[in-house]
Amino acid sequence: MSGHAAVEEVAVWLEVNGRPAVTWMCTPAQLEELAVGWLHGEGYIEVLEEVRLRPCATDLGFWAEVPAARLAAVQAEGRRPVLASGCGAVSTFLADPGTVQAQPPRGAPPPSPEHLRALFKQLFAQGERYKDTGGIHAAALADGTELIAHAEDIGRHNAVDKAIGGALLSRHVIAELGLLVTGRISAELAFKAARAGIAWVATPSVPSTLAVEIARRSGMTLVGRAVSGEPQVWEAGRRAGGQRRRGLELTPEPLSAPPPVRLPARGAVLAGGGATRFGGRPKGLEVIGGERILDRLVSVFERALGSAPLLVANAPDASGWRPDLRVVPDVRSGLGSLGGIYTAVLEARAPVVCIAWDMPFVTAELVQALAAGLEEYDAFLPESDSRRGVEPLCAGYAPVCADAIAASLDAGDLRAIGFHRSIRVGRLPLEAVRRLGDPARLFFNVNTADDLAKADALR
C-alpha cells in the first residue's frame, strides 16, 4: 500500500424531473450505478425501465426522468433531510422502521459461515482502491457462491447504492441476492436493502438496533461478525443454515399482498412528416395565440401526466426546439406516422400517449382519459367524426404494441391502425369525447397556411 495515496473525492449532482435532488460527495467511479441505485433506494423507481438517465457532458452530474406518480409519492411522504450515521452522507428519508411494511422471510437464507468468509475474501481481493489508500468502503451483491456486483466508495451508503445500481443495470433479480458491506449495518443501509428486496445482509461489524428492527419488519436476515469468529444472526422468524442464533427473537407480522405495480403513462409529441403542404416548415413551431404549438402540447402533457413528453423528431436541429425535452429520431426511418408511433412506444418503455405536433387544441383532460384507458387496453383511441372514426395520432399505446407494430412494418403495412387486429383496442366513445370538448376543435390539424389562420381564430 502506498503511504502517500489520497482518497479521491468529488461532488456529483442529480436532478429528478428538472429539480435538484441530491449532491453526493463520492468516489468518481461507477456513477451511473450510484444514480440508479440511489433512485431505487429512495423510492423514485422500482425497475430500471422507469428511469431515463442523462449524464451532463461538461460537469459531473445527471438528469433523471422518472414517472410522475413515483415522484408524487416520494414528495407526499414529506421527507426531510437528516444526517446519516456514517461518512457524513445526507439521506433524504428518515429511516423510520414504522414505514416498512411487515413481510414474511424472503429469499434464500445466508450461506454457511465458511461460504460467507470466502465471499468477503473475494470482496477484499477486488478492493483496488482500498489497497492503494486504506481509506474506502466496499459493498457487493452475491448469490451465495460468487459476487455479482461490486462497488467501492468513500461513503458506505454510496457503495451500497452503486452495488444495487450495478445489479439493476445488469438485469439481475435482486430478491435472489444477498448484500455484503464492509462497515456496520446502519438503519440507512438496512432501509436501502429492504426496499431493494435483498434477502440478507452481512458485515464483519454489527448492525444497529434500528437496522435490526427494519430487518425484522421487512423479512430480511442480518449477519454480524461474518469474517472472524462465530457469526451473529438476526433472523425474521427462521434459522439460517444451522448457524447459532444470537441477538433478538424476531417474528414477522401478518402481511397482505401488495397491489401490482403499474407504470404511469408518459407522453410523446410526434414531429415527423415532411410538411409538404406547409412548405416544409416545422408545423409545431408555428405560433397560435402567441404560443408555439409545441409549447402548448408540452404544457398539456405536464398538466395531465406530471412530466414533459418525449419529442420524436428527425430534423437535425430538433434538439434546439425545446432543449429541456429528450429528442429521439425514428428507430426505423421513412415509415410515416406508424414509424413515429413505433419509436414512441419503444422509447417510452411504459404506456405512452402520442399526439401529432400539428394538433394545437388537445387538452389535458383528454390526455388523462387516454392514459386511463391503457389500464385495460393495449391501445386506446378517441372516436371522432373523421373518415377513420378514430384518431390514431392522438391516442394511447401500451408497450405490448411494439411487437405488433414491428410485424406490420415488416409486412409493409404502414397504416396507423393496421396493427390493431393483433392487440386489444379500446375506444373513448364520441359522446365521452364531446364531454371533454368539441371534437372538431380537439382534433384540428394545422396542415396548411389556411389551417393556421383558422386555428388562430379558434384559440
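The values are calculated or read from the model by the stated rules, or taken from the named source; none is laboratory data. Computed from a predicted model, the values in this text were never measured in an experiment. So basically every Cβ, Gly included, is an ideal-geometry build from the backbone, and we count neighbours across all protein chains shown. When the accessible area is computed, the model is the full protein with side chains, heavy atoms only, and any ligands, DNA or RNA have been set aside. Shrake-Rupley method; radii C 1.70, N 1.55, O 1.52, S 1.80 Å.
Key figures for this structure:
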| quantity | calculated |
| --- | --- |
| Dimensions in Å of the range 13-59 - Rg and Dmax from alpha carbons | 10.5, 29 |
| Tail fraction, Cα-Cα pairs, the range 365-407, threshold 15 Å, whole percent | 44 |
| 4 °C / 1.567 mPa s Stokes-Einstein diffusion coefficient of the range 345-459, Kirkwood radius on C-alpha pairs, µm²/s | 88 |
| The range 407-459 pair-distance distribution - Cα-Cα, 5 Å bins, rounded % | 4, 15, 16, 11, 15, 18, 13, 7, 1 |
| Portion, in percent, of the accessible area of the range 166-225 that falls on carbon or sulfur, probe 1.4 Å | 53 |
| The range 304-380 - Debye-derived log10 I(q)/I(0), Cα point model, q = 0.18, 0.20 Å⁻¹ | -0.81, -0.99 |
| Positive-end extreme of charge dipole, the range 330-402 - chosen from L374, V390, G339 (charges on Cβ) | G339 |
| For the range 118-228: relative contact order, % (alpha-carbon pairs under 8 angstrom, 6 or more apart) | 20 |
